[in-house]
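Colleague: Would you mind keeping the following structure in view while I ask a few things?
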Amino acid sequence: MGNRKMAIRAILLIVGFISLLLMIKYEQWMLVIDILSRFISTENGGLPGLI
Amino acid sequence: MAEKKKFKSYRISILRTTTQIISFILIFGGSFGLAASFIVLPIMAPLGNPYTTVAGAWQLMEFLLTMAIFPFIAITVIALGSLLIGRAFCGWVCPFGFISDVIYYLGKKKRVSNPTNNALYKLSIFIAAVFIFIDVTIGYNEYMGSSIYGYFGDFAREPSSIIDPTSTIFSLLFWYVAWGLYPKNVTELTTLVSYPLAFWFRIFVLIIAILMNYFVPRAWCRWICPLGGIMSIGTPYKFVKVYLDPSKCLGPTCSLCVKSCPMGISILDYKGHISNPLCISCLKCLEACPTKAISVKI
């Protein structure tokens, strides 16, 4: 396996697992449920009569 | 017997299309009573549609970054997802990918040269980098208390939605129809002139995306999609690989795999692991290969 391949895999694994641990620590899945359960108008930019 | 053989030769396409249809129904499962879940997938799924049951990693990342919340959940999905299966979700689950595939079946299926394809895909990484920079800037200002939120208007929480056809279809046009904002008779047609410029710009981008996909298969996914751009960084190094066995391959005389690839990858350039960042693991090459030289390996 090439060094570049191993390095990128290692970086992605480290970033992924650190993010996973912090996601668990901050219980970010609750944020996802909260965001999906309420009305989000942020993707409606340009909708006539929005403002 | 002939029908059975035909079914067998298209079984991966049938399986993939079935998966795409089921995923599409489940992603918008709120329409038949499914509750919002905590699932985040590496796909373009709008947060603004009331029926969405899963969050798209890109949209969620933008939304959280601009609110000065570090999007650990989205980064986990993008980093580990791309490392494990690459861009397979683009090919098997993404709602806009599904729409692109439908357009692909109806479209012209033109090929672009390999250097152009490889050069243009870097545009998606550039677009992703630009939007992440904007998101971080908004988030940082939000955190420091000197909000620049107002400068971005309606696009402050998800700046990329201005060029995102998924949110244009499933959020902007959804609410446009659901709230009955469209002209209901001929006299109301004059109101179209007073619509915000952003509305027409988003419709223009949507039409461009559809036209791009009509002429070149999955052109939007290849060259513009910011999530695809980020996912393509880890895709060449994924653990579940599409593998070409050079000893079984008939070479350029056959080229059925190259002709069938919707992402325009020159598969024959690879010996062994097809480590192209654009590969969406749709397995059309595997299906097209007459000598079974292509397989999936871990």
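The values are calculated or read from the model by the stated rules, or taken from the named source; none is laboratory data. Model, not experiment: these values are computed from the prediction. Note that each Cβ is placed from the backbone with ideal geometry, even for glycine, and that neighbours are counted across all protein chains shown.
Colleague: Of everything in the range B:71-88 that's out of contact with any Gly (no Cβ under 6 Å at 6 or more places or on another chain) and in contact (Cβ under 8 Å) with a residue 60 or more places away in the chain, which residue is surrounded by the fewest Cβ atoms within 10 Å (Cβ to Cβ)? Spell out how you get there, then give the answer.
Modeller: Step one: of the range B:71-88, the residues out of contact with any Gly (no Cβ under 6 Å at 6 or more places or on another chain) are B:71-75, B:77-78, B:81, B:84-88.
Next, only the ones that are in contact (Cβ under 8 Å) with a residue 60 or more places away in the chain stay: B:78, B:81, B:84-88.
On the way: B:Ile78: 25, B:Gly81: 24, B:Leu84: 15, B:Ile85: 20, B:Gly86: 29, B:Arg87: 28, B:Ala88: 23.
Ranking the candidates gives B:Leu84 first.
Colleague: Condition test on B:Leu227, is it of a type outside the set (D, E, K, R), part of a helix (DSSP H, G or I) and surrounded by fewer than 23 Cβ atoms within 10 Å (Cβ to Cβ)?
Modeller: no
Colleague: Step by step: first the residues of the range B:47-87, then only those that are at negative phi and touching a Lys or Arg at 6+ places or on another chain (Cβ under 8 Å), then the one that is nearest to the other protein chains (Cβ to nearest Cβ). Which residue is that?
Modeller: Among residues in the range B:47-87 that are at negative phi and touching a Lys or Arg at 6+ places or on another chain (Cβ under 8 Å), the one nearest to the other protein chains (Cβ to nearest Cβ) is B:Leu83.
Colleague: With respect to the numbered conditions (1) away from chain A (no Cβ under 14 Å); (2) surrounded by 14 or more Cβ atoms within 10 Å (Cβ to Cβ); (3) modelled with pLDDT of 90 or more, which one is the sole condition not fulfilled by B:Phe131?
Modeller: For B:Phe131, the failing item is (1).
Colleague: Regarding B:Thr187, is this residue surrounded by fewer than 20 Cβ atoms within 10 Å (Cβ to Cβ), within 8 Å of chain A (Cβ to nearest Cβ) and either out of contact with any Asp or Glu (no Cβ under 7 Å at 6 or more places or on another chain) or modelled with pLDDT under 90 (or both)?
Modeller: On the way: surrounded by fewer than 20 Cβ atoms within 10 Å (Cβ to Cβ): yes; within 8 Å of chain A (Cβ to nearest Cβ): no; either out of contact with any Asp or Glu (no Cβ under 7 Å at 6 or more places or on another chain) or modelled with pLDDT under 90 (or both): yes.
In short, no.
Colleague: Separate question: Output the number of the condition that A:Gly16 fails; it satisfies all remaining conditions of (1) part of a loop (DSSP other than H, G, I, E, B); (2) within 30 Å of B:His273 (Cβ to Cβ).
Modeller: Single failed check for A:Gly16: (1).
Colleague: For B:Ser232, state whether it is surrounded by 20 or more Cβ atoms within 10 Å (Cβ to Cβ) and within 14 Å of another protein chain (Cβ to nearest Cβ).
Modeller: Numbers: surrounded by 20 or more Cβ atoms within 10 Å (Cβ to Cβ): yes; within 14 Å of another protein chain (Cβ to nearest Cβ): yes.
Criteria met by B:Ser232.
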